[in-house]
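Working notes for the structure below.
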Amino acid sequence: MNTPIAIDRNEILKRYKPIDKYTHKGIQGHALLIGGSYGKIGAMCLSSKAALKTGCGLVTTFVPLCGYEIVQTSILEVMVVTDEHERYLSDISFELEADAIGIGPGMGQKMATQKAFHDFLSNTSTPLVIDADALNILSHNPSWVALVPPRTVLTPHPKELERLIGKWYTKEEMFGKTVVFSLVNHVVIVMKGAPTYIIDGETIYENTTGNAALATAGSGDVLTGMITSLLAQSYKAVDSALIGVYLHGLTADIALPETGYQSFIASDIIANIGKAYLSLED
Ligand SMILES: NC(=O)C1=CN([C@@H]2O[C@H](COP(=O)(O)OP(=O)(O)OC[C@H]3O[C@@H](n4cnc5c(N)ncnc54)[C@H](OP(=O)(O)O)[C@@H]3O)[C@@H](O)[C@H]2O)[C@@H](O)CC1
Ligand SMILES: Nc1ncnc2c1ncn2[C@@H]1O[C@H](COP(=O)(O)OP(=O)(O)O)[C@@H](O)[C@H]1O
Ligand SMILES: [Mg+2]
C-alpha cells in the first residue's frame, strides 16, 4: 500500500482556483442534484444548498413530485424539476444540460428507482458523483458498474463501501480492495470516515480536517453537493473530491468553538463553507 499523501492547506492551494473577477453564473457551472423520496427530501435540500454555497452558478434539483414545494420553499435560489411519480424516482429524464450531476442522497431503492438509475447511467456522460442509495443500487447490481462513466466520484461511508467491494478483515485489505476497484473501474473513491481517504488508482490521500461533530444526519449529503459543485466548476474529479472533503471538514473545525460537538448539524456545515473558503485567501 502506498503511503497516503496528507491533504492540508498547502495541498489544497496547489489545486484551488480563485474566482475570476469577470465570471458570471453561466460560466460558474450548473450542478444537477438527483435524489430524494417521501420523507427524505431533506437530503436533497442539504445537497442542493451545499452545491450553491460551494460556488457553482446554477443548481437544479430533480426530485419526486412530493419534493417540489419542499425544495422550492426551502431554497429560493434552486430550480426544481420533478419526476412524474409522487413518492420516489421512476424516470430520470430532463431537458437541461448540467456541467456535473450528483445522484443518490435520500433516493431509496424501489425497483422503479433502480431501473430509472440504470437508464440514467446508460445515457449519461456528464461528470458524476454517486452517493448513498445510488451506491447501494450499484452494489445490488454489480454489472451496472460498467456503465459508470470514467472519472466518476463515489462517496461511500464504511457500510456502503463494504456493500460495494465486500467484507475486509484488515485495514490493509480494505485499502487493497478499494484501490483495485478504483483502478478497474477508473473511478475516484472517497472513503468517508475519521479520517476520510480519497483513492485515485494507486494514489491514496488522507484528509487532515474535520472532527466528530460531523457524525450527524445529512453531513454526507452536504459533501455530495459540495463535490458536485466543484466538478461543475470544472475542477478535475480527484481535485473536486480533495477540495470538497477538505472544506467540508474545515467547516466543522471552524464551527466547533461555537457549537460544540453535540449541537453541530449538517446545516452548520453549509453555514460555514464561506469561512472555510476565506481561510484559503489569507
Ligand atoms: N434528512 C434526510 O433526508 C436524510 C437522508 N439520509 C439518507 O438516508 C439514506 C440512508 O442512509 P444511511 O447512511 O443512514 O443508511 P445506511 O446506508 O444503511 O448506513 C447506515 C449504517 O452504516 C454504518 N455506518 C455509517 N457511517 C459509518 C461510519 N462512519 N463508520 C462505521 N459505520 C458506519 C452503520 O452501520 P452499523 O455500524 O450500525 O452496522 C449505520 O447503521 C440515504 O439515502 C441517505 O442519503 C441520511 O443522509 C440522513 C438524513
Ligand atoms: N467521527 C467523525 N470524524 C470526522 N468525520 C466524520 C465523523 N463521523 C462522520 N464523519 C463524516 O461525516 C460524513 C458522514 O457521511 P454519511 O454517513 O454519508 O452521512 P449522511 O448519509 O447522514 O449524510 C462523512 O463525510 C464522514 O467522513
Ligand atoms: Mg450518506
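The values are calculated or read from the model by the stated rules, or taken from the named source; none is laboratory data. Quick caveat, the model's predicted, so the values are computed rather than measured. With ideal geometry, Cβ positions are generated from the backbone for all residues, glycine too; neighbour counts draw on all protein chains shown.
Quick notes
- Looking only at the stretch 174-197, and only at residues there that are more than 16 Å from ligand 3 (Cβ to nearest atom) and among the aliphatic types (A, V, I, L, M), the one that is farthest from His248 (Cα to Cα): Val184
- Residue within the stretch 163-178 that is within 25 Å of Ser229 (Cα to Cα), buried (at least 24 other Cβ atoms within 10 Å of the Cβ) and of a type in the set (A, V, I, L, M, F, W, C) present: no
- Ser37, sole failed condition from (1) hydroxyl-bearing (Ser, Thr, Tyr); (2) more than 16 Å from ligand 2 (Cβ to nearest atom); (3) part of a loop (DSSP other than H, G, I, E, B): (2)
- Failed item in (1) within 30 Å of Tyr261 (Cα to Cα); (2) assigned to a loop (DSSP other than H, G, I, E, B), with Ser234 passing the rest: (1)
- Among the residues of this structure, Leu231 does not count as one that is within 11 Å of ligand 2 (Cβ to nearest atom) and in contact with a strand residue (DSSP E or B) (Cβ under 9 Å, 6 or more places away or on another chain).
- On inspection, Ile27 does not qualify as in contact (Cβ under 8 Å) with a residue 12 or more places away in the chain, more than 11 Å from Gly225 (Cα to Cα), part of a helix (DSSP H, G or I) and away from ligand 1 (no atom under 13 Å from the Cβ).
- Restricting attention to the stretch 131-162, the residues being loosely packed, with under 15 Cβ neighbours inside 10 Å and within 16 Å of ligand 2 (Cβ to nearest atom) number 2.
- Just one of the numbered conditions (1) near ligand 2 (Cβ under 8 Å from one of its atoms); (2) within 28 Å of Lys167 (Cα to Cα); (3) not charged (D, E, K, R) is not true of Ala252: (2).
- Checked against (1) part of a loop (DSSP other than H, G, I, E, B); (2) within 16 Å of ligand 3 (Cβ to nearest atom); (3) among the hydrophobic types (A, V, I, L, M, F, W, C), Ala43 passes all but condition (1).
- Verdict on Val184 being in a helix (DSSP H, G or I) and farther than 18 Å from Gly108 by Cα: yes
- Residue list for the stretch 200-227, restricted to those being polar (S, T, N, Q) and either within 12 Å of ligand 3 (Cβ to nearest atom) or assigned to a strand (DSSP E or B) (or both): Thr203, Asn207, Thr216, Ser219, Thr224
- If you go through the stretch 238-282 and keep only what is modelled with pLDDT under 95 and part of a helix (DSSP H, G or I), you end up with just Glu281.
- Just one of the numbered conditions (1) touching an Asp or Glu at 6+ places or on another chain (Cβ under 9 Å); (2) farther than 27 Å from Asp239 by Cβ is not true of Phe62: (2).
- For the stretch 201-235, filtered to residues that are more than 16 Å from ligand 1 (Cβ to nearest atom) and surrounded by fewer than 21 Cβ atoms within 10 Å (Cβ to Cβ), the residue that is farthest from Ala6 (Cα to Cα) is Ser234.
- Any hit, the stretch 71-88, residues being closer than 17 Å to Ser234 by Cα and in contact (Cβ under 8 Å) with a residue 40 or more places away in the chain: no
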